[in-house]
Amino acid sequence: MSLPAGPFRFIALDVETANADAASLCQIGLACVRHDGAIEVFSTLIDPRQPFAPFNLALHGIGPAQVRGAPTFPEVLALIAPLLEPQIVIQHSPFDRGAIHRACNAHDLPEPVWHWADSVQIARRAWPEFSGNGGHGLAHLKQALALDFVHHDAGEDAKAAAMVVLRAEVQTGLRLEELIGPARRPRVAAPRQGQADDSRTAVRPVQ
């Protein structure tokens, strides 16, 4: 297996699992975003050494036959960790980080120290109108933003999370580093002489 070669602005990560145990990773995908916005996708199957649940199999189509001969989680982690360590790592909801944590615990491995950011939170800042109106999950964002990807494939879902971030940058006029920081309060001009200070009525930014 060979990974994409940087430099990259950020990398999105997604995982699929064999069953309800978050440690049962059976696929991991990375979407590596270059400085010109190009996205290079890497994905690999993983032998979870666990049984596959019918629900998960129906969801992503990965089963024992597909992972036969695939690398184990420790082998994949050793490959991708050096690439991810200096990057902002995007996940779409906290599930992916939790799955990496659980898998590390299951294999008695130290959890890597990555700079995680959540594209769900980024999407909420960019499109607050989706709250209560479809939400900010990938399924709705695919439709609302006309994103082109195959849901429940780790590489494709990682690409989708990366596209959400890129679209959010355009939508808000903010770079990723600003989007994952505290929401900025709008500047309020100082009142002119003799004019009441109405700064208390300034619109609050979306959290």
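A few comments on the model shown:
- Any pair with Cβ under 6 angstrom, 6 or more apart, that starts in the stretch 92-110 at a residue that is among the basic types (Lys, Arg) and at pLDDT 95 or above and ends at one that is assigned to a loop (DSSP other than H, G, I, E, B) and surrounded by 15 or more Cβ atoms within 10 Å (Cβ to Cβ): 102/22; 102/23
- Hits in the stretch 70-97 (condition: within 15 Å of the chain's Cα centre (by Cα) and within 14 Å of residue 16 (Cβ to Cβ)): 91, 92, 93, 95, 96
- Look at (1) at pLDDT 95 or above; (2) within 18 Å of the chain's Cα centre (by Cα) and you find that residue 180 fails only one, number (1).
- Sole residue being touching a Ser or Thr at 6+ places or on another chain (Cβ under 8 Å), farther than 18 Å from residue 34 by Cβ and of a type outside the set (Val, Ile, Thr), chosen from 158, 154: 154
- Pairs where the first residue, in the stretch 56-69, is under 10 Å from residue 17 (Cα atoms) and the second is surrounded by 10 or more Cβ atoms within 10 Å (Cβ to Cβ) and of a type in the set (Gly, Ala, Ser), C-beta under 7 Å, 6+ apart: 56/18; 57/63
- Boolean, residue 48 is at pLDDT 95 or above, exposed (fewer than 15 other Cβ atoms within 10 Å of the Cβ) and at negative phi: no
The values are calculated or read from the model by the stated rules, or taken from the named source; none is laboratory data. Quantities reported herein were computed from a predicted structural model and do not represent experimental measurements. As a convention, Cβ positions derive from the backbone with ideal geometry for all residues, glycine included, and neighbour counts pool all protein chains shown.
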